[in-house]
Amino acid sequence: MGESGADTQLVKRVQKGDKKAFDLLVLKYQHRIIKLVSRYVRDPSDALDVAQEAFLKAYRAVPNFRGDSAFYTWLYRIAINTAKNYLVTLSRRPVEAEHGGPDNDHFELDSMLQDVTTPEDMLLTDEITHTIVKAIEDLPDDLRTAINLREVEGLSYEEIAEVMTCPIGTVRSRIFRAREAIDNRLKPLLE
Amino acid sequence: MRKDGLEDLSAFLDGELPHGSAERLIDALEGDEELKAAWARYHLIADVLARRLPAGADRAFSERVSGAIAAEPVPLRSARRRVPRVKSVVGLAMAAAVAGLAIAGILSTGSKAPSEPPPLSFSVSQQSPPMSSMELSPLPIATVKWSGEPYGEAGRFSPYIVSHNQSNRGLPIPGVIPYVRAVGYEAEP
């Protein structure tokens, strides 16, 4: 089926009016889209708004998605265009309206602060990353290799089975066990 | 949550779950918050490993988007503009009618001369059909019968124009259908 096949199944449901299926797509792609938009929109709060707008635009346009390209490719284009449109709008906006006038002494400082993500968010992101990396280090070799080949190298189960010289069923089981072990460490952090 | 449900979730994440099982899993995902949370965490793990996690990830983001989507009407496929078939048939009939009138106009101009030349017996071998039935029927063919009497000055001029148009194929007169002279034999009763 392939990863895009799973997306196709979800998209078909959305096209039939299933909003919950779109929530699953948002959960899947939220980080990629936020990261992508952040390359264009430096202010983190604005980047989140633009990313949300991109998802909304995608939802409104999803009935016309014909599957000529992968869903993520399509979503990626929408996100890029939304971010570019935002920048165009921002460049047309008068500076006075945005920052309270050119005489504002704190303009430079405000601008600098807006570019910095909140310490709490940064801390959580660091903690999440650290926890996951540590959990992977602690995995048995066969599970670590399987999850790395899948998530980092992007190999299919069939390709991993060939590399690791084991049946596809074993690959499926190893990848799941690796995820389960990582998730057991991650879950308490997010609750 | 059953362990095999999570294993299916893991396989679905990688696009390695058969279609039927995937449909059942999606049904479960939509109704089971715990399974849905696992879906989100599994993707978070994937994003960290692929270095796709943005700095300062906002945990409430997906909930905000979900709330906004819930407030949206269900989008509909934009209808394609369809030209009704009747319209195109009527258009074709109109074009045929205009072409018929153009031929009739050319021929009638040639027959009306100011100095009243000897009359030509002019007949159309096939009557033009009424507009309503004029769909894809062939255009009427004009048949000119010469009565045998000599032409007047204008009468001599018309055959000249026709001959010129017939032999000058390289430069057709704009808007006028090329004239083809057909000579036939008709036995007198």
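The values are calculated or read from the model by the stated rules, or taken from the named source; none is laboratory data. In this text, all values refer to a predicted model and were calculated from it rather than measured experimentally. Cβ sites come from the backbone with ideal geometry, for glycine too, and all protein chains shown count toward neighbours.
State yes or no: is residue A:100 more than 12 Å from chain B (Cβ to nearest Cβ) and either modelled with pLDDT of 85 or more or farther than 21 Å from residue B:4 by Cβ (or both)?
yes
What number of residues in the stretch A:142-176 are surrounded by fewer than 15 Cβ atoms within 10 Å (Cβ to Cβ) and among the hydroxyl-bearing types (Ser, Thr, Tyr)?
Looking only at that region, the number is 1.
Search the stretch B:24-44 for residues that are farther than 14 Å from residue A:27 by Cα and pair each with any residue that is among the acidic types (Asp, Glu) when their beta-carbon atoms are under 7 Å apart and the residues are at least 6 apart or on different chains.
Between residues of the stretch B:24-44 that are farther than 14 Å from residue A:27 by Cα and residues that are among the acidic types (Asp, Glu), the close pairs are B:25/B:8.
State whether one or more residues within the stretch A:171-179 are within 15 Å of residue B:48 (Cα to Cα) and either modelled with pLDDT of 95 or more or assigned to a helix (DSSP H, G or I) (or both).
So far as the stretch A:171-179 goes, yes, one or more of its residues are within 15 Å of residue B:48 (Cα to Cα) and either modelled with pLDDT of 95 or more or assigned to a helix (DSSP H, G or I) (or both).
Considering A:126, A:121, which residue is more than 7 Å from every other protein chain (Cβ to nearest Cβ) and either part of a helix (DSSP H, G or I) or loosely packed, with under 15 Cβ neighbours inside 10 Å (or both)?
Residue meeting the stated conditions: A:126.
Which residue, of B:60, B:40, B:70, is closer than 26 Å to residue A:121 by Cα, out of contact with any His (no Cβ under 9 Å at 6 or more places or on another chain) and either within 7 Å of another protein chain (Cβ to nearest Cβ) or acidic (Asp, Glu) (or both)?
Working: B:60 fails: either within 7 Å of another protein chain (Cβ to nearest Cβ) or acidic (Asp, Glu) (or both); B:70 fails: closer than 26 Å to residue A:121 by Cα.
Exactly one residue qualifies, and that residue is B:40.
Looking only at residues in the stretch B:32-61 that are of a type in the set (Gly, Ala, Ser) and crowded, with 21+ Cβ neighbours inside 10 Å, which one is farthest from residue A:130 (Cα to Cα)?
B:38
Among the candidates A:28, A:57, A:35, single out the residue that is at pLDDT below 95 and surrounded by 14 or more Cβ atoms within 10 Å (Cβ to Cβ). Can you show your working first?
On the way: A:28 fails: at pLDDT below 95; A:57 fails: at pLDDT below 95.
When all the criteria are applied, what remains is A:35.
Applying the selection to the stretch B:22-37, what residues are at the interface with chain A (Cβ under 7 Å from one of its Cβ atoms), touching a helix residue (DSSP H, G or I) at 6+ places or on another chain (Cβ under 6 Å) and not acidic (Asp, Glu)?
Scanning the stretch B:22-37 gives B:22, B:29.
Just need a number here: residues in the stretch A:30-77 that are under 14 Å from the mean Cα position of the chain (by Cα) and not hydroxyl-bearing (Ser, Thr, Tyr).
18
Can you give me the number of residues within the stretch A:149-189 that are within 7 Å of another protein chain (Cβ to nearest Cβ) and in contact (Cβ under 8 Å) with a residue 24 or more places away in the chain?
Residues flagged as within 7 Å of another protein chain (Cβ to nearest Cβ) and in contact (Cβ under 8 Å) with a residue 24 or more places away in the chain within the stretch A:149-189 amount to 5.
Residues being among the hydroxyl-bearing types (Ser, Thr, Tyr) and under 22 Å from residue A:131 (Cα atoms): count how many of those fall in the stretch B:3-31.
First pass over the stretch B:3-31, keeping only residues among the hydroxyl-bearing types (Ser, Thr, Tyr): B:10, B:21.
Restricting the remaining residues to those that are under 22 Å from residue A:131 (Cα atoms) gives B:10.
Adding up the residues that qualify gives 1.
For the stretch B:7-16, enumerate the residues that are of a type outside the set (Asp, Glu) and either more than 7 Å from every other protein chain (Cβ to nearest Cβ) or touching a Cys at 6+ places or on another chain (Cβ under 8 Å) (or both).
Selection gives B:9, B:13.
Report yes if some residue within the stretch A:82-95 is modelled with pLDDT of 75 or more, more than 9 Å from every other protein chain (Cβ to nearest Cβ), on the phi > 0 side of the Ramachandran plot and in contact with a helix residue (DSSP H, G or I) (Cβ under 8 Å, 6 or more places away or on another chain); otherwise report no.
No - not one qualifying residue is present in the stretch A:82-95.
Of the residues that make up the stretch A:139-148, is at least one under 21 Å from the mean Cα position of the chain (by Cα), at the interface with chain B (Cβ under 7 Å from one of its Cβ atoms) and closer than 23 Å to residue B:34 by Cβ? Full working, then the answer.
From the stretch A:139-148, those under 21 Å from the mean Cα position of the chain (by Cα) are A:147-148; that's our starting set.
Checking the rest, the ones that are also at the interface with chain B (Cβ under 7 Å from one of its Cβ atoms) come to none.
No - not one qualifying residue is present in the stretch A:139-148.
Would you kindly identify the helices (runs of 4 or more DSSP H) lying entirely within the stretch B:1-77 that contain at least 2 residues that are in contact with a Gly (Cβ under 8 Å, 6 or more places away or on another chain)?
Here the list reads B:19-31.
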